[in-house]
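**Q** Have a look at the structure that comes next, please.
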Amino acid sequence: MKTLIDKKIDEKKQGNVLTIENQIVGTKKLYIESYGCQMNFSDSEIVASILNKENYSTTRDISEADLVFVNTCSIREKAEQTVRKRLEVYNSIKKSINPKMVVGVLGCMAERLKEKFLEEEKLVDIVVGPDAYRDLPNLIKEVEDGRKAVNVFLSKEETYADIKPVRMSGNGVTAFVSITRGCDNMCTFCVVPYTRGRERSRNPKSIVQECKDLFLDGYREVTLLGQNVDSYLWYGGGPKKDFKNATAEQKKNAINFSNLLEMVAKVNNKLRIRFSTSNPQDMTDDVIEIMAKYDNICNYIHLPVQSGSSRILKLMNRGYNRDEYIALVDRIKNKIPDCAISMDMITGFCTENDDDHNDTISLMKYVKYDYGYMFKYSERPNTAAEKKFEDDVPEEIKQKRLVEVINLQQKQSLENNKKRLNKTYEVLIEGLSKRSKNHYYGRTTHNCVVVFEKSSHKVGDYVNVIINDCTAGTLKGKII
Ligand code: 5AD
Ligand code: SF4
């Protein structure tokens with residue numbers, strides 16, 4: 001007879017369920033919504049784990065929740081507006097269905113606005129920044145005692161290394177593993193260094209252990225996460241900027257990102273490794289070498305460029321110019337000829353003119369990115385750009401340039417995908433296709449999504465698929 005766990009594993013392999021794993025059923029219910037970068041989704045899993053020990057289990061039904069959290073993003077104004085709209089929705093649910101629910105704001109917006117949140121949004125009871133989640137049980141008690149609670153303390157050490165995340169809404173095959181927190185790069189447009197604090201790295205032993213546990217639990221792909229993974233540096237704990245004060249012994253035994261990648265790659269050759277995000281100024285040739293050495297490190301790099309103009313890159317304080325970025329791309333393609341590269345791009349940064357924009361277009365044509373995330377510049381309060389430069393590119397020009405960049409990327413994505421026709425790739429099956437229950441979807445090493453007809457193979461298996469059709473976003477194929 002099958003136990004409940006056997007049944008759950010069977011269902012997971014068939015791709016029938018979205019699992020919420022390794023949480024003890026609690027009597028109180030937590031509903032948590034996440035916005036923004038992958039790091040926020042990963043942090044929400046840490047929050048769920050901390051609160052699971054306080055007798056909360058997660059629910060997907062807000063109307064039954066005792067506690068409602070929204071994990072927020074401040075990167076662009078639009079992201080903040082989305083959160084405010086959600087708060088209005090929670091408010092109406094609280095009034096009409098669930099008057100006792102407690103509402104908390106977590107993450108970057110909590111850190112940016114601090115106590116102001118309580119004044120602006122009367123509904124909010126708890127405000128917690130990204131480094132203060134361990135304090136949540138105390139903060140909840142404060143609210144239960146009738147007070148509003150805030151903790152926006154930014155830590156130099158916190159990495160939540162010992163906390164095993166509750167894996168929510170995953171497919172049971174691919175998981176995110178956080179390796180660094182914060183960012184020291186101070187790109188002038190970016191709010192992250194203010195909302196997430198100083199850069200620090202997580203103990204490599206705990207990272208490797210988490211990856212081993214994930215493999216044993218059936219996971220077959222991990223993405224190592226950080227605002228700037230190439231800057232990873234473990235010398236016993238503490239902020240990256242204090243490495244210069246480390247002892248000779250600590251310096252000798254320090255682990256950098258290429259060392260970490262190799263340690264994780266050795267966990268099991270059937271565990272795929274990805275990482276994000278790479279900052280061009282910090283990416284070393286050692287990392288490229290290690291990628292080339294291990295087959296299970298995927299041939300894919302997310303390498304945000306932000307602009308193709310050296311003049312704009314300087315104003316953005318990106319730490320590289322156009323030629324240096326191109327030279328890095330050339331080195332990657334020389335070592336790993338079929339390495340996919342994706343980018344982030346911003347249009348309409350302060351003073352950007354037509355020549356700068358044309359530099360962006362020509363850089364995109366040179367690199368032929370496989371994928372892109374493209375944005376209009378959105379001025380953020382208290383960033384260096386807000387203080388030093390005028391946000392002087394008119395909205396309609398920002399928009400026009402954005403459309404041009406998106407259209408070019410679409411065209412190039414399709415061209416890149418067409419080059420994959422009639423070729424065979426190893427694909428890791430991640431689940432059932434959203435459009436058809438008779439089809440699976442998975443990814444190639446290049447992070448391309450592939451859809452193909454279901455077979456006797458299970459979710460989590462590797463299969464070889466020959467590509468016979470494509471769109472700009474998806475490859476279609478047949479298992480061979
Ligand atoms: N305006 C527009 N886009 C931004 N990004 C970061 N800050 C801003 C901003 N102020 C983009 C960058 C970054 C990605 C995560 O978000 O491209 O790489
Ligand atoms: Fe922001 Fe730059 Fe750090 Fe990325 S590298 S999080 S864009 S400051």
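Just so it is clear, none of the values below were taken in a lab; they were calculated from the coordinates. Just so you know, these numbers come straight off a predicted model, no measurement behind them. No Cβ is skipped: glycine too gets one built from the backbone with ideal geometry, and neighbour counts run over all protein chains shown.
**Q** Would you work out if the stretch 424-479 is rounded, prolate or oblate? Take a ≥ b ≥ c from the square roots of the eigenvalues of the alpha-carbon gyration tensor; rounded if a/c is under 1.5, else prolate when a/b is larger than b/c, oblate otherwise.
**A** Judged from the Cα gyration tensor, the stretch 424-479 comes out rounded (a/c under 1.5).
**Q** List the pair-distance distribution P(r) of the stretch 10-151, using every Cα-Cα distance, as the percent of pairs falling in each 5 Å bin from 0 up to the bin containing the longest distance, rounded to whole percents.
**A** 2, 10, 20, 24, 21, 14, 5, 3, 1, 0
**Q** Hey, another quick one. What percent does the relative contact order of the chain come to when contacts are Cα pairs within less than 8 Å and at least six residues apart? Spell out each step's value before the answer.
**A** On the way: 962 pairs, mean separation 52.3, N = 480.
Taking the mean separation of contacting Cα pairs over the length of the chain, I get 11 percent.
**Q** Give the long-range amide H neighbours of K376: residues separated by 5 or more places, or on another chain, with amide H under 5 Å away, using H modelled in the peptide plane at 1.01 Å from N.
**A** T347
**Q** For the chain, rounded, prolate or oblate, judged on the Cα gyration tensor with a ≥ b ≥ c (square roots of eigenvalues), a/c < 1.5 rounded, else prolate if a/b > b/c?
**A** It comes out rounded by the Cα gyration axes.
**Q** Same structure, new question: Along the stretch 346-352, what does the Karplus equation 6.51 cos²θ - 1.76 cosθ + 1.60 (θ = phi - 60°) give for ³J(HN,Hα), rounded to whole Hz, x for Gly and Pro?
**A** Values, residue by residue: 10, 9, x, 5, 2, 6, 4 Hz.
**Q** Now, a different point. Less than 26 Å apart at the alpha-carbon level, and either on another chain or at least 8 residues along: which lysines does that give for K251?
**A** Result set, ordered by chain and number: K156, K205, K240, K241, K266, K293.
**Q** Please report the antiparallel percentage of the DSSP beta bridges confined to the stretch 302-451, to the nearest 5.
**A** DSSP beta bridges in the stretch 302-451 are roughly 45 percent antiparallel.
**Q** For the stretch 424-479, what does the relative contact order come out to in percent, with C-alpha contacts under 8 Å and a separation of six or more?
**A** This gives 35 percent for the stretch 424-479.
**Q** Let's test the formula: R0 of 41 Å, r as the Cβ-Cβ distance of I466 and Y366. What FRET efficiency results, to the nearest 0.05?
**A** 0.85
**Q** Right, here's the next one. Of all DSSP beta bridges located in the stretch 102-201, what percent are antiparallel, nearest 5?
**A** Just about 25 percent of them are antiparallel.
**Q** Sticking with this structure for a sec: Any idea what the relative contact order of the stretch 305-419 is, in percent, if you count C-alpha pairs under 8 Å spaced at least 6 apart?
**A** With pairs under 8 Å counted, the relative contact order is 30 percent.
**Q** Quickly rank 222-234, 307-319 as a protection proxy: mean count of other C-beta atoms within 10 Å, highest first. Write down the numbers at each step before the final one.
**A** Values: 222-234: 23.0, 307-319: 20.2.
Going from most to least packed, we get 222-234, 307-319.
**Q** So how far apart, in nm, are the two label points at N317 and E142 if each is 7 Å from Cα heading toward Cβ?
**A** Those two pseudo-labels are separated by 3.1 nm.
**Q** Between K388 and F153, how many nm apart are label points set 7 Å from Cα along the C-beta direction?
**A** 3.3 nm
**Q** A further question on this structure: What do you get when you divide the Cα radius of gyration of the stretch 305-419 by 2.2 N^0.38 Å, with N the number of residues?
**A** Computed over Cα atoms of the stretch 305-419, the ratio equals 1.09.
**Q** Further question: For the stretch 58-139, which GluC sites (Glu not before Pro) are both in a DSSP coil and crowded by at most 14 other Cβ atoms within 10 Å?
**A** E115
**Q** Provide the gained length on full extension for the span K122 to N253, in nm with one decimal, where the gain is 0.36 nm per separating residue minus the Cα-Cα distance.
**A** Answer, rounded to one decimal: 42.1 nm.
**Q** What does DSSP give for the chain in terms of the percent of beta bridges that are antiparallel, rounded to the nearest 5?
**A** Around 35 percent of the beta bridges assigned by DSSP in the chain are antiparallel ones.
**Q** How far apart, in nm, are two points set 7 Å out from the Cα along the Cα-to-Cβ line at E77 and at R134?
**A** 3.8 nm
**Q** Sort the stretch 228-357 into rounded, prolate or oblate with this rule: let a ≥ b ≥ c be the square roots of the eigenvalues of the Cα gyration tensor; rounded if a/c is under 1.5, and if a/c is not under 1.5, prolate when a/b is larger than b/c, oblate otherwise.
**A** Cα axes put the stretch 228-357 in the oblate bin.
**Q** Could you let me know the centre-to-centre spacing of the stretch 149-224 and the stretch 117-148, using Cα atoms, in angstrom?
**A** Value for the Cα centre distance between the two parts: 22 Å.
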